[in-house]
1. When you go through (1) part of a loop (DSSP other than H, G, I, E, B); (2) surrounded by 15 or more Cβ atoms within 10 Å (Cβ to Cβ); (3) within 11 Å of chain B (Cβ to nearest Cβ) one by one for A:I26, which number turns out not to apply?
2. Restricting to the stretch A:59-97, and then to whatever is in a strand (DSSP E or B) and polar (S, T, N, Q), can you tell me which residue is nearest to A:V12 (Cα to Cα)?
3. Select from the stretch A:48-92 the residues that are aromatic (F, W, Y) and over 16 Å from A:G16 (Cβ atoms) and write down the one among them that is surrounded by the most Cβ atoms within 10 Å (Cβ to Cβ).
4. Determine which single condition B:A94 fails, assuming it passes every other condition in (1) over 13 Å from the mean Cα position of the chain (by Cα); (2) within 9 Å of another protein chain (Cβ to nearest Cβ); (3) of a type in the set (A, V, I, L, M, F, W, C); (4) surrounded by 20 or more Cβ atoms within 10 Å (Cβ to Cβ).
5. Out of all the residues in the stretch A:32-50, which are farther than 15 Å from A:I79 by Cα, more than 9 Å from chain B (Cβ to nearest Cβ) and in contact with a Leu (Cβ under 9 Å, 6 or more places away or on another chain)?
6. Considering only the stretch B:1-57, state which residues are assigned to a strand (DSSP E or B), away from chain A (no Cβ under 11 Å) and among the aliphatic types (A, V, I, L, M).
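Read the figures in this text as sums done on the coordinates, not as results from a lab. Fair warning: this is a prediction, and the values are worked out from it, not measured in the lab. Neighbour counts run over all protein chains shown; Cβ positions are idealised from the backbone, glycine included.
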Amino acid sequence: GAGVSQTPSNKVTEKGKYVELRCDPISGHTALYWYRQSLGQGPEFLIYFQGTGAADDSGLPNDRFFAVRPEGSVSTLKIQRTERGDSAVYLCASSWAGSNTGELFFGEGSRLTVL
Amino acid sequence: QKEVEQNSGPLSVPEGAIASLNCTYSDRGSQSFFWYRQYSGKSPELIMSIYSNGDKEDGRFTAQLNKASQYVSLLIRDSQPSDSATYLCAFQGAQKLVFGQGTRLTINP
């Protein structure tokens, strides 16, 4: 596709459930980022992949959060035992080779609501 | 102290006037700074980057950087209603962009 694709666009789940959010980056982009954005806040960094490996996962809030990118393209963000505080828009972004130019191409996000 | 500080607004500016958006950052080692625009319900998009002290102009937009004061600003000349959005300041941290909370700008016709 032409842009970063994220699915689902909306996800409503109950507290304690498991959730997977998918990101399909722009073809050829080696760098992939996950950010989380709460209402009225800026994007908060979660994890960065360069190729298949997580180059920086320092933003993951706790061990309930995990992300993979097994073939260096599509990535999945996994959240176990969801809590109400996990409710936010989860943004995925990709770029050619990291963020040195500052140009990250963002998807439209997956809005997660935990009831 | 937050790494990037922005006034959350809302900032209201009449159409045709200059909108001035400000941002301060805490990391003295930062070399690269960016302004992203985010329309309501949409994803952020890059509109300006600046790496050196001084001004950088692109059309109606001017970014200003003062590394000694750890201050970045964005000026929008001849503001249009279509400029109404949230403007996010960001700097290049280690392998990632660090964003401020954003300033909500409204241009009044």
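1. Only one criterion is unmet by A:I26, namely (3).
2. Step one: list which residues in the stretch A:59-97 are in a strand (DSSP E or B), which gives A:65-68, A:75-79, A:88-95.
Those still in the list that are polar (S, T, N, Q) too: A:75-76, A:94-95.
Values: A:S75: 20, A:T76: 17, A:S94: 25, A:S95: 29 Å.
Result: A:T76.
3. Step one: of the stretch A:48-92, the residues aromatic (F, W, Y) are A:48-49, A:65-66, A:90.
Within this subset, residues satisfying the condition of being over 16 Å from A:G16 (Cβ atoms) are A:48-49, A:66, A:90.
On the way: A:Y48: 25, A:F49: 23, A:F66: 15, A:Y90: 23.
Filtering first and then ranking leaves A:Y48.
4. (4)
5. Within the stretch A:32-50, just A:F49 meets the criteria.
6. B:L11, B:V13, B:A19, B:L21
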